[in-house]
Amino acid sequence: MKQSKSTGEDALKSKAWFEFFERHGVEYERDFYAHPRWDAYRTLAAQLLPSDASCSRVLDVASGPLPSLPRLLEKSSCYVCMDGIFSHLARLTSRHLKCMAVQVDLEAANHLPLSVSFDLVVTFGIYQYLKSPASLIKRLIALIKPGGYL
């Protein structure tokens, strides 16, 4: 079966994206996560949650090599980090024993390997890289407990 030109181009883009983060993950972590704006952003995101919100089960989508919301990692009983880059997940779980790691192709949103529900699903800075972000958002909404947050 012949692949369409756009499918082939998308596959090359996806491969290039994965290869970039595999090669530059440590620099990305140092530059991105250490930036003062990122810390302010994470603090604001945590403050936006109602104080009575249950965050015992958190899903961190496209987490990268660090938990997106470390303050919630401390409070949660289950913190699952989902990313497509194995080296990110390996660094993350070696530093944070409480984190559970799930490697997944976020483009394949219909096939996320999760069947549990979460009080909170967080994701930062991934949608601009996806061909079909709406598919991922729909699947993530389905993983939220009633009364939970995305």
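Tabulated values for the structure
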| quantity | calculated |
| --- | --- |
| Protection-proxy order for peptides 99-106, 79-86, 124-131, 55-62, each taking the mean of Cβ atoms within 10 Å per residue, highest first | 55-62, 79-86, 99-106, 124-131 |
| Cα gyration tensor category, rounded, prolate or oblate, for the range 73-150 with a/c compared to 1.5 | oblate |
| Sequence of GLU107, GLU74 from largest to smallest accessible area, 1.4 Å probe | GLU74, GLU107 |
| Nitroxide proxy distance, nm - points 7 Å out along Cα→Cβ at TYR41 and ILE126 | 1.4 nm |
| Whether the range 36-97 is rounded, prolate or oblate, judged on the alpha carbon gyration tensor where a/c under 1.5 counts as rounded | oblate |
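The values are calculated or read from the model by the stated rules, or taken from the named source; none is laboratory data. Just so we're clear, the structure is a prediction, and the values are computed from it rather than from any experiment. Virtual Cβ from ideal backbone geometry, glycine too; neighbours counted across all protein chains shown. Heads up: the accessible areas ignore ligands, DNA and RNA and are worked out on the full protein's heavy atoms, side chains in. Shrake-Rupley method; radii C 1.70, N 1.55, O 1.52, S 1.80 Å.
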